[in-house]
1. What percent does the relative contact order of the range 326-438 come to when contacts are Cα pairs within less than 8 Å and at least six residues apart?
2. Kindly flag which residue pairs out of Lys65/Lys224; Lys362/Lys392; Lys367/Lys388; Lys367/Lys392; Lys363/Lys392; Lys153/Lys349 have an alpha-carbon separation exceeding 20 Å in this structure.
3. Under a crude label model (7 Å from the Cα following the beta-carbon direction), how far is Thr11 from Leu35 in nanometres?
4. Taking DSSP loops as anything outside H, G, I, E and B, show the longest stretch in the chain free of trypsin sites (Lys or Arg not before Pro) there with at most 11 other beta carbons within 10 Å.
5. In percent, what relative contact order does the range 94-177 have, based on Cα pairs under 8 Å that are 6 or more apart in sequence?
6. Helix-derived [θ] at 222 nm for the chain: sum -39500 (n - 2.57) over DSSP H runs of at least 4, divide by residue count, nearest 500?
7. Could you look at the range 1-107 and say what percent of its accessible area is carbon and sulfur, using a 1.4 Å probe and all protein chains?
8. Nearest 10 degrees, 0 to 90: what angle lies between the long axis of helix 333-348 and the longest principal axis of the chain (Cα atoms)?
Amino acid sequence: MSKTPQAIRGTQDIFGAEAEAFAHVVETFERVRRLYRFRRVEMPVFERTEVFARSLGETTDVVSKEMYSFEDRGGESLTLRPEFTAGIARAYLTDGWRQYAPLKLATDGPIFRYERPQKGRYRQFHQIDAEVIGAAEPQADVELLAMADQLLKELGIADGVTLQLNTLGDGDSREAWRAALVDYFAAHRAELSEDSQDRLERNPLRILDSKDPRDRAFVADAPKIDDYLSGEAQNFFGAVTAGLDAAGVAWTREPSLVRGLDYYRHTAFEFVTDRLGAQGTVIGGGRYDGLMESLGGPATPAVGWAAGIERLAMLVGHGRKDRTDFVLIPIGAEAEAYCSGLIAILRRKGLFCDMAFRGNAKKRLQKADAAGAKAVLIVGEDELRSGKIAVKHLQSGDQALRDRLQIENPNHGAAYTEACLLHGLGGIKYSQGGEDFQAE
Ligand code: ATP
Ligand code: MG
């Protein structure tokens, strides 16, 4: 027999509890982005290579080492997206989205980077992403950060995740700081890592981002942006921090925080945790006022963030179980046909149901138990004949016969039907349409 091909290194087949946690992150993000009135976009997975090369800058790690680029059959150089922002910026310019500015957008999906795979670091991973385009106001930064903060809170993982905040200043502040960093690091050139010696010429800010201990030794005493900030840049940062304080978003100042990409100005931030080992950054972002110009567009202020869904899902943990209300257990061919109809009715009413049709009764009850169902609905020959359904509440073990007709009444909604079935079983209380169902 021929050998089965293996999955590609750095990709994942996400299943089971991990998949539940993953879906929970995406669903929570979807709800929060609606609360904040961000509009949903769906973006292409690939773009012309120059979209990323020009936006991110040729000297960045992502462009120089991590992109999945290939020539298509027409000889064009294309790249699987290594981030969302550049493609969204391209669309903003090519699709006339300027008319909607300030435009709040959100999306999620797969991202591709050729990295060394390890826990929390993959070659295909997934991000959720939020951007505010065409807004120079610090309120946009505040809103985005408050949204990220609320997402973490609603996921129940805000404790142990810290918002680290910095400003890179405006263009002039950043240039002055950059010059000071070059002077400082040049004096220690020989002691820096090879990568950072290279960065010294090409992008000295990125030395501050280095994880190499040889570089870390010098980062603490490196020149600080605060000494180079213009009055305007100081005011901007002050407005952002005041807004965060007003919104009750906790933050800490991290003066050596820079982001890996060229296009950042003013606000730069990361949400970090020590609960994920070396891969501790869960959300990263900032203001990218220079990006649109590098794509040939007009100066367009914008700010955004992206979060790794896998890292958020790891923090959420694997304790989540999807909701199951009822598991149907038909005994015999006639009951199976009946239950196919009944389960369709229950699902149309909005109840979360499954059917256990294989194995002996004990096996099927175990399946219902493992799914965390509230109750099983058992239909055998006796029940079919008498027009009843046997309802067994799994927690209390209580059992009762219920009227089929009542359950199937199309005028009754999910809560009413559920109450009909569970009335008197297992301490569940319902109120629907003015009627109370109080279990004893
Ligand atoms: P890191 O410092 O971990 O490499 P980054 O600065 O490259 O992160 P960003 O480009 O800001 O990351 O991407 C935003 C988020 O996407 C990160 O905070 C992280 O949660 C996630 N992420 C980035 N790269 C990977 C990867 N290879 N695998 C899984 N998640 C990733
Ligand atoms: Mg990276």
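1. Details: 172 pairs, mean separation 24.7, N = 113.
Relative CO of the range 326-438 lands at 22 percent.
2. Lys65/Lys224; Lys367/Lys388; Lys153/Lys349
3. 3.6
4. 74-210
5. 23
6. After summing the helix terms and dividing by the residues of the chain, the value is -11000 deg cm²/dmol.
7. For the range 1-107, the apolar C and S fraction of the accessible surface comes to 51 percent.
8. 50
The values are calculated or read from the model by the stated rules, or taken from the named source; none is laboratory data. Given the structure is predicted, the values throughout are model-derived calculations rather than measurements. Every residue, glycine among them, receives a Cβ derived from its backbone with ideal geometry; neighbour counts consider all protein chains shown. Keep in mind that these areas ignore ligands, DNA and RNA; they rest on the heavy atoms of the full protein, side chains included. Shrake-Rupley method; radii C 1.70, N 1.55, O 1.52, S 1.80 Å.
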